[in-house]
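The values are calculated or read from the model by the stated rules, or taken from the named source; none is laboratory data. These numbers come from a predicted model, not from an experiment. Here the Cβ positions follow ideal geometry from the backbone for every residue, glycine too, while neighbour counts run over all protein chains shown. Ligands, DNA and RNA are stripped out before the accessible areas are found, and what is left, the full protein with its side chains, is counted by its heavy atoms. Shrake-Rupley method; radii C 1.70, N 1.55, O 1.52, S 1.80 Å.
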Amino acid sequence: MLNPTLLNALGYTSPFLKYIVDLAIGDTKDNVASNKNLTTLELDAKKQELNIALAEAQARVAQELAIARRIEVAEQVEIEEFYDLNGDANLGVQGKGKAIALGLTASGQRVSKRIYKFTGVNSTLSEITSEQEQTLLTQK
């Protein structure tokens, strides 16, 4: 721990330096406290990971709903879907004297892609869905 007299002397000569020292001391105290609560930090990290996964799932649902709404009000929709599976494997044998080396590598990749092309807007359906959305929002 730093000498309080030294800290006061530093603070009186330079407020910025005192701020930096206070931050460093605060971080040290936080680190000591966090070492005691490592299990608490691990639980918090797992909770944060779950929250992130939930947010990603909600974003995917929102995206699908937005696409569905756009499909609903478009006059014409063209959807192209691409699926591709790629695989690669290698097998190798090498011998030197009494030693033999055997190697095997493999890799795979799955690619899927959807392309949406919307043309026009069916104004009647657009008005109806907008009214429905407003009704739902006012009910909440």
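Rounded to the nearest whole Hz, the Karplus-based 3J(HN,Hα) values (6.51 cos²θ - 1.76 cosθ + 1.60, θ = phi - 60°) of region 98-111 follow the sequence 8, 9, 10, 10, 10, x, 9, 10, 8, 8, x, 8, 10, 10, with x at glycine and proline. Normalise the Debye intensity by I(0) for region 51-92, one equal point scatterer per Cα, no solvent, then take log10 at q = 0.24, 0.31, 0.32 Å⁻¹ and round to two decimals. Here log10 of I(q) over I(0) equals -0.88, -1.01, -1.03. Other residues with beta-carbon under 12 Å from the beta-carbon of residue 53 carry, at +1 per Lys or Arg and -1 per Asp or Glu, a net charge of +1. The gain in end-to-end length when the residue 81 to residue 123 segment is fully stretched comes to 12.4 nm, 0.36 nm per residue minus the alpha carbon separation.
Remark: spin-label model distance residue 72-residue 114 equals 1.5 nm, labels positioned 7 Å along the Cα→Cβ axis.
Rounded to the nearest Hz, the phi-derived 3J(HN,Hα) couplings of region 38-52 under the Karplus curve 6.51 cos²θ - 1.76 cosθ + 1.60 (θ = phi - 60°) are 4, 5, 5, 5, 5, 5, 4, 5, 5, 4, 5, 4, 5, 4, 5, where x marks glycine and proline. Taking only alpha carbon atoms, region 31-140 gives an Rg to Rh ratio of 1.29, where Rh is the Kirkwood radius.
Distant-in-sequence amide contacts of residue 74, defined by a placed amide H-H separation under 5 Å and a gap of 5 or more residues or a different chain, comprise 122. Between the beta carbons of residue 89 and residue 45, assuming R0 = 35 Å, the FRET efficiency works out to 0.40 to the nearest 0.05. Electrostatic bookkeeping for residue 126 treats Lys and Arg as +1 and Asp and Glu as -1; over the other residues with beta carbon under 15 Å from its beta carbon, the sum is -3.
Subtracting the Cα-Cα distance of residue 138 and residue 56 from their residue separation scaled by 0.36 nm leaves 26.8 nm. For region 34-140, applying the loop criterion from DSSP together with a ceiling of 11 other beta carbons within 10 Å to the GluC sites (Glu not before Pro) yields no site. Rolled with a 1.4 Å probe across the full set of protein chains, the surface gives residue 91 an accessible area near 130 Å².
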